[in-house]
């Protein structure tokens, strides 16, 4: 999958493209992990993501937990209505910051 | 009725999704519904790969049927792996804070909350899982 990374100081923006499903999500997680080193804020930009299945939710939860561990923050932006519905359904709107 | 048989391997989900989308697009399925079906396909198929076959290799057959009045799509997943009923998975607690959250069971939870009917049976050595979505 294509993922664009942007760093601005200690803020990392990750912009994956396509679907965050059972195949692409582990790949996204593996690419994201090393990029997060030394970052205090991680922004996941879902503008170019069609949908997120439980595989994608797993990666987002892992990033959220890691950022909490290092007293950093994570937020998810540009969430389409289909993805928002899934976040709401599984109670993730209380877990992540979604803008 | 149309069907496709693919290796029960993680990457096959792309082929299965493309097959299902082709059927959905043919009947002008609205995008929000199509997205829910695509997610359901991913949840079911990844479970077959992970639990029914585990390290073993095998195939999975996916059938798509369109029914009129009400317009709906029924998708049947058939594999010859170990008996595995995903519908017995315990529901996750969706109210816990991030630290205590576990991802296990979320896929089936999404499935149950987005599909109109789900049925499982183990028959003649086959896991048969059927999902139905009305438009």
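Throw me the Rg/Rh for region B:1-113, computed over C-alpha atoms with Kirkwood Rh, two decimals. Please list the in-between numbers first.
Numbers: Rg = 15.1 Å, Rh = 15.2 Å.
Ratio of gyration radius to Kirkwood radius for region B:1-113: 1.00.
For a Förster distance of 25 Å, can you work out the FRET efficiency between the beta-carbons of residue A:66 and residue B:91, rounded to the nearest 0.05? Walk me through the numbers on the way to the answer.
On the way: r = 26 Å, r/R0 = 1.04.
In this case the efficiency is close to 0.45.
Roughly speaking, what is the stretch gain from residue B:21 to residue B:57, that is 0.36 nm per residue apart minus the C-alpha to C-alpha distance, in nm to one decimal?
On the way: separation 36, 0.36 × 36 = 12.96 nm, distance 2.56 nm.
Difference between extended and current length: 10.4 nm.
Kindly list the residues of region B:69-92 that lie in the label zone of residue B:116, defined by a backbone N under 11 Å from the point 7 Å along the Cα-to-C-beta vector.
B:69-74, by backbone N distance to the label point.
Hey, quick one: spin label on residue B:28, modelled 7 Å out along Cα-Cβ, who in region B:110-135 has an amide N within reach, i.e. under 18 Å?
B:134-135
Roughly speaking, what is the centre-to-centre gap between region B:59-126 and region A:32-51 when only Cα atoms are used, to the nearest Å?
So the separation of the two Cα centres works out to 29 Å.
Take the Cα atoms of the protein assembly as shown, build their convex hull, and give its volume per residue in Å³.
Once divided by residue count, the hull of the protein assembly as shown is 121 Å³.
Please identify which residues in region A:43-86 have an amide N closer than 18 Å to a label point set 7 Å out from the Cα of residue A:30, following the Cα→Cβ vector.
Counting backbone N atoms under 18 Å from the label point, the list is A:55-60, A:62-63.
State, to one decimal in nm, how far the label point of residue A:1 lies from the label point of residue B:100, with both points 7 Å from Cα in the Cβ direction.
It works out to 2.9 nm between the two label points.
Given the C-alpha atoms of region A:6-99, compute the convex hull and give its volume per residue in Å³. Present the calculation step by step, with values, prior to reporting the outcome.
Numbers: hull volume 7.8 nm³, N = 94.
Convex hull of Cα atoms, per residue: 83 Å³.
Can you compute the helix-only [θ] at 222 nm over the protein assembly as shown? Use -39500 (n - 2.57) per DSSP H run of at least 4 residues, normalise by all residues, nearest 500 deg cm²/dmol. Don't skip to the answer; put the middle values down first.
Numbers: 6 runs with 78 residues, N = 234.
So the helix-based figure for the protein assembly as shown works out to -10500 deg cm²/dmol.
Return the inverse of the average 1/r over all pairs of distinct C-alpha atoms in region B:59-131, which is the Kirkwood hydrodynamic radius, in Å to one decimal.
Kirkwood hydrodynamic radius for region B:59-131: 14.1 Å.
No lab work stands behind these numbers, since they all come straight from the coordinates. Worth saying up front: this structure is predicted, and the values here are computed from it rather than measured. With ideal geometry, Cβ positions are generated from the backbone for all residues, glycine too; neighbour counts draw on all protein chains shown.
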